[in-house]
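First comes the structure, then the notes that go with it.
Read-outs: derived from the displayed coordinates by stated rules, not from any lab. If you're wondering where the values come from, they're calculated on a predicted model, not measured in any experiment. Here the Cβ is made from the backbone with ideal geometry for all residues, glycine too, and neighbour counts use every protein chain on show.
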Amino acid sequence: AEADAQQALTDGFHLIIDALKLNDINTIYGVPGIPITDFGRMAQAEGIRVISFRHEQNAGNAAAIAGYLTQKPGICLTVSAPGFLNGLTALAHATTNCWPMIQISGSSEREIVDLQQGDYEEMDQLAIAKPLCKAAYRILHAEDIGIGIARAIRAAVSGRPGGVYLDLPAKLFGQVMDAAAGTRSLVKVIDPAPKQLPAPDAIARALNVLKGAKKPLIILGKGASYAQADDEIRALVEKSGIPYLPMSMAKGLLPDNHPQSAGAARSLVLKEADVVMMIGARLNWLLSHGKGKQWGSEPKKFIQIDIEPKEMDSNVEIAAPLVGDIGSCVSALLDGMGGDWQRPPAGWTDMIREKVEANIAKMAPRLMNNNSPMDFHGALGVLKTVIKERPDAILVNEGANTLDFARSIIDMYKPRKRLDVGTWGVMGVGMGTAIAAAIETGHPVLAVEGDSAFGFSGMEVETICRYNLPVCIVVFNNNGIYRGTDVNPSGSSDAATTVFVKDARYDKMMEAFGGVGVYATSPDELRRAVNEAMDSGKPTLINAVIDEKAGTESGRIGNLNPQSVVAKK
Ligand SMILES: Cc1ncc(Cn2c(C)c(CCOP(=O)(O)OP(=O)(O)O)sc2=O)c(N)n1
Ligand SMILES: Nc1ncnc2c1ncn2[C@@H]1O[C@H](COP(=O)(O)OP(=O)(O)O)[C@@H](O)[C@H]1O
Ligand SMILES: [Mg+2]
């Protein structure tokens with residue numbers, strides 16, 4: 001009778017696990033601890049992959065990019081208060097980049113928090129999370145778990161995807177209820193990211209603007225990559241004959257060596273185009289807000305495809321707003337173009353092609369230089385070839401010079417293969433991103449890291465070794481942030497703000513956990529080590545020695561730094 005009675009009950013732990021599994025969520029990224037340690041163990045026992053990190057920020061970054069790669073919410077699991085706070089940077093990062101992620105955090109009991117009686121790791125977490133994410137919910141009763149998880153999933157993936165916070169006070173996990181009622185309370189979300197069809201008149205208006213263009217340009221953003229409408233997007237570009245500019249994480253939607261790619265002629269096309277069609281890209285700081293000298297003096301008309309209606313007119317007037325999901329909008333445009341679409345004037349496309357070829361030719365010799373220590377171009381020339389030979393590999397990239405040079409030098413050939421710092425330009429996303437890329441895709445990962453950027457999340461090399469992931473990290477060691485030549489202006493010998501221990505050996509960190517460490521000072525040594533790592537699939541860290549004078553402050557965006565106009569006394 002006792003066993004039967006037990007049989008008839010379920011509890012919060014199991015209801016949360018059952019709800020996640022019912023909605024095809026099979027991976028959790030997190031750091032264990034009170035009050036979610038047992039939850040992690042039980043989730044593992046029920047077949048959910050639980051990947052444990054050394055810091056919640058990296059677990060969160062993993063969950064964020066998992067959302068981007070799979071169109072399902074990446075799950076980050078944190079302990080209360082400090083663990084919750086550590087995850088928030090990634091939750092805000094996911095929301096900024098429009099990637100679906102749910103941060104599930106244990107939290108303190110309301111009756112203690114609301115009277116501020118000093119609970120273990122007490123914090124009013126829901127209130128703190130709300131401004132940083134797309135939606136935030138708390139569940140207090142076991143019978144609400146099914147609906148709560150369903151709400152969080154739908155909020156994360158529907159419309160403009162984003163980060164969702166789900167607050168679970170400790171007592172919820174232990175609450176018991178009738179097992180049959182528990183099963184009935186669970187919700188399998190139907191059509192969580194519904195297609196949003198564009199209005200026919202909006203399609204007609206957009207085609208009209210496009211037809212009138214003499215110098216059209218398409219800009220593909222990471223929203224276009226996320227949409228997984230790869231064939232439709234390729235068909236639109238190739239059928240229209242319009243040159244395109246891929247934003248960083250949209251590289252590879254079409255191969256970067258595609259005849260219509262204007263990537264190597266970015267300045268020319270932004271200045272000269274008369275009609276610009278944005279597809280899943282925002283006219284934010286990355287595109288100088290659609291105005292100023294970068295966009296030339298010619299009047300421009302913008303067409304914008306976006307699932308978020310409020311994005312229209314955010315920076316400049318949009319002549320043809322096309323609100324809907326990218327797959328539906330691009331398909332409708334293709335249908336509306338009919339069979340006799342007028343391709344752009346040859347004068348425009350030829351001019352771009354010539355500029356692209358000229359810029360590639362100018363860069364080529366620099367990529368062949370065999371200097372030792374290497375400069376950015378010599379090292380990146382090697383990695384460019386590796387990705388060309390291994391198009392299925394995933395490239396993770398962060399840093400300043402290391403990011404800016406790699407973005408323009410390393411061509412991508414397939415969608416969703418380049419994973420970088422995204423809209424903010426946040427440092428520290430590398431290791432979490434590399435871990436989730438390996439876990440979610442099984443493909444080998446090449447993480448090209450500035451030495452400062454690597455330092456933010458470098459302790460996860462232990463996580464990479466523990467799960468034996470096919471991640472090859474190349475640390476561009478130029479002895480500092482941007483470069484290694486800064487000095488302390490006060491004249492004292494202590495290190496300046498942007499330099500590190502000279503000639504540090506990051507490769508020894510990987511060896512500390514059983515991975516492969518390599519010290520590379522020349523392109524040949526780098527090439528051999530990377531290919532060996534990609535072939536073996538063994539966790540590898542290559543300390544690539546880069547000339548410390550080779551960089552520039554803040555890479556390409558130094559102009560964003562405020563300058564002091566007051567002469568020093
Ligand atoms: C979280 C965070 N902290 C600090 C920064 C500021 N920052 C920092 C600290 C960068 C590191 C650049 O140094 P690196 O060694 O990674 O790359 P290079 O030396 O190749 O330029 S790039 C950059 O914008 C940031 N973007 N994000
Ligand atoms: N499935 C989708 N359909 C339409 N728009 C989308 C979809 N997913 C994301 N978006 C939009 O894509 C845009 C991505 O812009 P952004 O992150 O600035 O890209 P990038 O930095 O590459 O220019 C966001 O405005 C977002 O609303
Ligand atoms: Mg550096």
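Based on alpha-carbon atoms only, what is the radius of gyration of the chain relative to the globular estimate 2.2 N^0.38 Å?
Expressed relative to 2.2 N^0.38 Å, the Cα Rg reads 1.03.
For the range 1-107, what number results from the quotient of the Cα radius of gyration and 2.2 N^0.38 Å?
Cα-based Rg divided by the globular estimate yields 1.12.
Arrange the peptides 321-334, 87-100 so that the one whose residues have, on average, the most other Cβ atoms within 10 Å appears first.
87-100, 321-334
Set the Förster radius R0 to 60 Å, insert the Cβ-Cβ distance between Asp38 and Ala346 as r into 1/(1 + (r/R0)^6), and round the FRET efficiency to 0.05.
Computed FRET efficiency for Asp38 and Ala346: 0.35.
Quick one: if you take sqrt(5λ) for each eigenvalue of the C-alpha gyration tensor of the range 71-228, what semi-axes come out, biggest first, whole angstrom?
39, 20, 11
Which distance in nm do the two modelled labels at Asn284 and Thr521 give, with both placed 7 Å along the Cα-to-Cβ direction?
4.3 nm
When Rg is the radius of gyration of the Cα atoms in the range 441-495 and Rh is its Kirkwood radius, what does Rg/Rh come to?
1.16
I'd like the distance separating the alpha-carbon centroids of the range 327-348 and the range 177-191, in whole Å.
Taking the Cα centre of the range 177-191 as reference, the centre of the range 327-348 is 47 Å away.
Could you give the nm distance between label points at Ala204 and Arg234, where each point is 7 Å from its Cα heading toward the beta carbon?
In this crude label model, Ala204 to Arg234 measures out at 3.3 nm.
Taking the convex hull of the Cα atoms, report for the range 468-569 its projected area averaged over all directions, in nm².
Seen from a random direction, the Cα hull of the range 468-569 projects 8.8 nm² on average.
Only sites in a loop by DSSP and with at most 15 other Cβ atoms within 10 Å count here; which GluC sites (Glu not before Pro) in the range 492-569 make the cut?
Glu553
Under Stokes-Einstein, with the Kirkwood radius over Cα pairs standing in for Rh, what whole-number D in µm²/s applies to the range 256-320 at 4 °C and 1.567 mPa s?
104 µm²/s
Would you kindly work out the equivalent ellipsoid of the range 387-426 from its C-alpha gyration tensor and give its semi-axes, the square roots of five times the eigenvalues, largest first in whole Å?
For the range 387-426, the ellipsoid semi-axes come out as 18, 11, 7 Å.
Translational diffusion coefficient of the range 360-431 at 4 °C, 1.567 mPa s, Stokes-Einstein with Kirkwood Rh over Cα pairs, in µm²/s as a whole number.
After rounding, the answer is 100 µm²/s.
For Lys300, which aspartates and glutamates qualify as cross-link partners when the Cα separation must be under 19 Å and same-chain residues fewer than eight apart are set aside?
Leaving aside aspartates and glutamates fewer than 8 places away in the same chain, those within reach of Lys300 are Glu272, Asp274, Glu311, Asp313, Glu317.
Can you give the alpha-carbon Rg of the range 371-480 over 2.2 N^0.38 Å, where N counts its residues?
Cα Rg divided by the expected 2.2 N^0.38 Å: 0.99.
Tell me which lysines have Cα within less than 26 Å of Lys188's Cα, excluding those fewer than 8 residues away on the same chain?
Lys21, Lys72, Lys130, Lys134, Lys171
Explain nothing, just compute: Karplus ³J(HN,Hα) = 6.51 cos²θ - 1.76 cosθ + 1.60, θ = phi - 60°, for every residue of the range 137-153 in order, whole Hz, x for Gly and Pro.
With coefficients 6.51, -1.76 and 1.60, one gets 9, 10, 10, 10, 10, 3, 5, 9, 4, x, 5, x, 5, 5, 4, 5, 5 Hz.
Can you list the equivalent-ellipsoid semi-axes of the range 28-87, largest first and in whole Å, using the square root of 5 times each Cα gyration tensor eigenvalue?
Equivalent ellipsoid of the range 28-87: 17, 15, 8 Å, largest first.
Whole angstrom only: what separates the Cα centroid of the range 70-96 from the Cα centroid of the range 406-433?
Cα centroid to Cα centroid, the span is 19 Å.
Just how large is the dipole of the chain about the Cα centre, in debye to the nearest 20, putting +1 at every Lys and Arg Cβ and -1 at every Asp and Glu Cβ?
2000 debye
Most exposed first by the Cβ proxy, i.e. fewest other Cβ within 10 Å, how do Ser225, Ser522 rank?
Taking fewest neighbouring Cβ atoms as first place, the list is Ser522, Ser225.
Determine one quarter of the surface area of the Cα convex hull of the range 294-380, which equals its mean projected area, and express it in nm² to one decimal.
That works out to 9.8 nm², a quarter of the Cα hull's surface.
Tell me, rounded to the nearest percent, the portion of alpha carbon pairs in the range 214-268 spaced more than 15 Å apart.
39 percent
Neighbouring Cβ atoms within 10 Å as the yardstick, rank Asp524, Asp507, Asp256 fewest first.
Asp524, Asp256, Asp507
How would you rank Lys214, Lys222, going from fewest to most other Cβ atoms within 10 Å of each one's own Cβ?
Lys214, Lys222
Amide H to amide H, which residues 5 or more places from Lys301 or on other chains are under 5 Å from it, using H placed in the peptide plane?
It is Val275, Val276, by chain and number.
If you plug each phi of the range 414-429 into the Karplus form 6.51 cos²θ - 1.76 cosθ + 1.60 with θ = phi - 60°, what whole-Hz ³J(HN,Hα) values come out, in order, with x for Gly and Pro?
Per residue, the Karplus-derived 3J(HN,Hα) values read 9, x, 6, 9, 9, 10, 10, 6, x, 5, 6, x, 7, 8, x, 7 Hz.
Mind listing the phi-derived Karplus ³J(HN,Hα) values for the range 157-174, rounded to whole Hz, using 6.51, -1.76 and 1.60 with θ = phi - 60°, and x for any glycine or proline?
So the J values, rounded to whole Hz, are 9, 7, x, 6, x, x, x, 10, 9, 10, 9, 10, x, 3, 5, 4, 4, x.
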